[in-house]
Amino acid sequence: MAEPPELRLMRYFVAVADELHLGRAAARLHISQPSLSVQIRKLEHQLGARLLERDSRHVTLTRAGMVFREEAERLLTGAERLAARTREAAFNGGNGSLIVGFQANAAAELTPKILAAFQTRFPRVQVEMRSYDFADPYVGLANGSTDVAFVRPPVLVQDWLSIETLFVEPRVLVMSEYCHLAGRSRVSVQDVVGEPFVGRRAPEYWRDFWLAAESRGPYTVRLGAEVGSVDECFEAILADRGVAFTQASTQRFYDRPGLAFVPVEDLPPSPLAIAWRNDLDAGPVHQFVETARMLAALDLVPSATPATADPAAIAR
């Protein structure tokens, strides 16, 4: 008997079936389009059936593809329910676990306060903090490797995603202390449109937000380097490969000799949000979100302001 396909390949196919476009499906899955095409061909070979009809402009499901999509969605839902009910049972028995995803400095000064308050309320839940690089704006939620996450919108709207802003903070320009802009008290986006920038190796919509692409008018971005993490970004800046926009709290957590941080006066702020999957009913997740919401209302992050906007406004 042939081995059944992996859940990962099922997820890939369902994304393609939803989008009927390999490029959009690849962006949704945070993988490259060529890699997605290879995985779909692998799935078809494994099943011995053509699932998609493809030409240069269209993707359609074959009859076999329609059947596979229906069964794959049922299996994926069952797998998610299995994981959720197992976690719920463990939590109700007093031995739950929670994986919290984050990037860079997470929720800044709020992070340890949230963790401490949660552990005080639920001391028998084991909490693991898991770090992610710039390539994944969903911080592990999309593939289920985290239960809840601190994210930096914008993120693409997904049916399974719930997201709530905790606070917003200004963005600043970070550069080498030898940069001609380092002595300024403030800069505008127009002041820096001619500068080379260090871009984040991430989905285009997220990379463009941090490059302030929509605020540059007719000016295109000059990329001096592309990086996958905050540390790589600062190394590139210190090597005079460019400047970068970042959230204001980054200076407090990552400042190092040779860097300069200057406020940007005409750039929309950066939201920090708590995000979780709404298709998994896990008790520890809801308790963690509630704890984060309560702590954020106390306004404990310097230079930040509490969230007042509709959460949908920070997603794209």
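The values are calculated or read from the model by the stated rules, or taken from the named source; none is laboratory data. None of the values given here were measured: they were computed from a predicted structure. Glycine gets a Cβ as well: all are built from the backbone with ideal geometry, and neighbour counts include every protein chain shown. When the accessible area is computed, the model is the full protein with side chains, heavy atoms only, and any ligands, DNA or RNA have been set aside. Shrake-Rupley method; radii C 1.70, N 1.55, O 1.52, S 1.80 Å.
Here the range 41-179 yields Rg over Rh of 1.10, to two decimals, using C-alpha coordinates and the Kirkwood radius. Let's test the formula: R0 of 35 Å, r as the Cβ-Cβ distance of Asn278 and Ser97. What FRET efficiency results, to the nearest 0.05? Efficiency, rounded to the nearest 0.05: 0.95.
The alpha-carbon atoms of the range 1-64 define a convex hull whose volume equals 79 cubic angstrom per residue. For the chain, the mean residue ellipticity at 222 nm estimated from helices alone is -11500 deg cm²/dmol, where every DSSP H run of n ≥ 4 contributes -39500 (n - 2.57) and the total is divided by all residues, rounded to the nearest 500. Using only side-chain charges placed at the Cβ, +1 for Lys and Arg and -1 for Asp and Glu, the dipole size of the range 172-316 relative to its Cα centre rounds to 120 debye. Applying the criteria of a DSSP loop state and at most 13 other Cβ atoms within 10 Å to the GluC sites (Glu not before Pro) of the range 136-212 yields Glu177.
Of the residues Thr291, Thr77, the one with the largest accessible area comes first in the ranking Thr77, Thr291, computed with a 1.4 Å probe on protein heavy atoms. Across Ser176, Ser185, the residue with the most accessible area heads the list, and the full order at a 1.4 Å probe is Ser185, Ser176.
Computed from point charges on the beta carbon alone (+1 for Lys and Arg, -1 for Asp and Glu), the dipole magnitude for the range 83-210 about its Cα centre is near 320 Debye. In this structure Tyr254 has an accessible area near 50 Å², from a 1.4 Å probe over the protein heavy atoms. Give the residue from Ser145, Pro123, Ala135 lying farthest towards the positive end of the charge dipole for the range 113-154; charges sit on Cβ (+1 for Lys and Arg, -1 for Asp and Glu) and the dipole is referred to the Cα centre. Farthest along the dipole direction, towards plus: Pro123.
With only the Cα atoms considered, the range 175-311 has a convex hull volume of 144 Å³ per residue. Considering only Val172, Val193, Thr246, and ranking their Cα positions along the charge dipole of the range 162-316 that arises from unit charges at the beta-carbon of Lys, Arg, Asp and Glu, the one farthest toward the positive end is Val193.
The order of the peptides 269-276, 23-30 by mean Cβ neighbours within 10 Å, most packed first, is 269-276, 23-30. Extending 7 Å from Cα along the Cβ direction at Arg41 and again at Arg252 yields two label points whose distance is 5.1 nm. As a calculated quantity, the FRET efficiency between Met66 and Gln190 at R0 = 51 Å, using C-beta atoms, amounts to about 0.45. With only Lys, Arg, Asp and Glu charged, each at its Cβ (+1 for the first two, -1 for the last two), find how big the charge dipole of the chain is about the Cα centre; round to the nearest 20 debye. Dipole magnitude for the chain comes out near 380 debye.
The relative contact order of the chain comes to 22 percent, based on Cα pairs under 8 Å that sit 6 or more residues apart. Per-residue extension of 0.36 nm, minus the Cα-Cα distance of Arg54 and Gln126, leaves a gain of 21.3 nm for this segment. Extension gain, Glu109 to Ala83, is 6.2 nm, computed as 0.36 nm per intervening residue step minus the present C-alpha separation. A straight chain from Leu75 to Ala213 at 0.36 nm per residue would run longer than the Cα-Cα distance by 45.6 nm. A value for Rg/Rh (Cα atoms, Kirkwood Rh) was derived from the coordinates, and within the list (1) 1.01; (2) 1.05; (3) 0.96 it appears as (1). The calculated FRET efficiency for Arg201 paired with His21, based on their beta-carbon distance and R0 = 22 Å, is about 0.45. In the chain, taking the dipole from charged Cβ atoms about the Cα centre, the farthest positive-side position among Ser97, Leu7, Ala182 is held by Leu7. When the residues Asp147, Asp208, Asp159 are ordered by accessible surface, computed with a 1.4 Å probe over the protein chains alone, the sequence from largest down reads Asp159, Asp208, Asp147.
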